[in-house]
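Below: one structure, written as structure tokens.
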Amino acid sequence: MTGTPLVHNPAIWEHLPNARLRSTARDVFDILTARQRPGGAVRITQAELSGRLGISQAAVSRAVGELKDIGILEGRTKRGALRIHPLLAGYESEAHMINSISDPDTYLWPLRYESGVRPPRRSDPRTGTRFDPDPDGGEDAPLPKALPTLRLAG
């Protein structure tokens, strides 16, 4: 197949924030998505990714590992070739997407992140505390009491 993928599965993309990707993993995924062939195959090296992002190859390797761990990328790929999960991949048309995903020969490996309501961010320090950002339920703050007039002693 040739051509640039034009169609993506909108339902699955709504749940991508639930994967809680680190920023480098999201950057790598965005580049892979932009450079994929229809159906999700991507030929790119870690050196190319590190050069494009201006980061070390070790950082790219960790990001690719994170994407594989949660199932966004296929874990068993050949050197220099990656494959985006078929539910997140781009396709030439809606018919191509439906036919490809419903084909019994298409390997749909598991995505390992929740698809419901997104959990709190990892970096939210208030998670698990009793912090209430609006403790008075939206009431106006009381006006400060007038301070007493100061006099010089003398």
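The table that follows gives values for the structure above.
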| read-out | value |
| --- | --- |
| Cα gyration tensor shape for segment 15-103, rounded if a/c is under 1.5, else prolate or oblate | prolate |
| Sparsely packed chymotrypsin sites (Phe, Trp or Tyr not before Pro) within segment 1-108, loop by DSSP, other Cβ within 10 Å at most 12 | Y107 |
| Semi-axes of the equivalent ellipsoid for segment 52-97, Cα gyration tensor, largest first, Å | 24, 12, 10 |
| Gyration tensor (alpha-carbon) shape descriptor, segment 1-66, a/c threshold 1.5 | oblate |
| Loop-located trypsin sites (Lys or Arg not before Pro) in segment 38-113 whose Cβ has at most 15 other Cβ within 10 Å (DSSP) | R76, K78, R79, R112 |
| FRET efficiency estimate (nearest 0.05) - Cβ-Cβ, S115 to V7, R0 25 angstrom | 0.75 |
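Any read-out appearing in this document is the output of simple, stated calculations on the displayed coordinates, not a laboratory observation. None of these values were measured; they are calculated from a predicted model. As a convention, Cβ positions derive from the backbone with ideal geometry for all residues, glycine included, and neighbour counts pool all protein chains shown.
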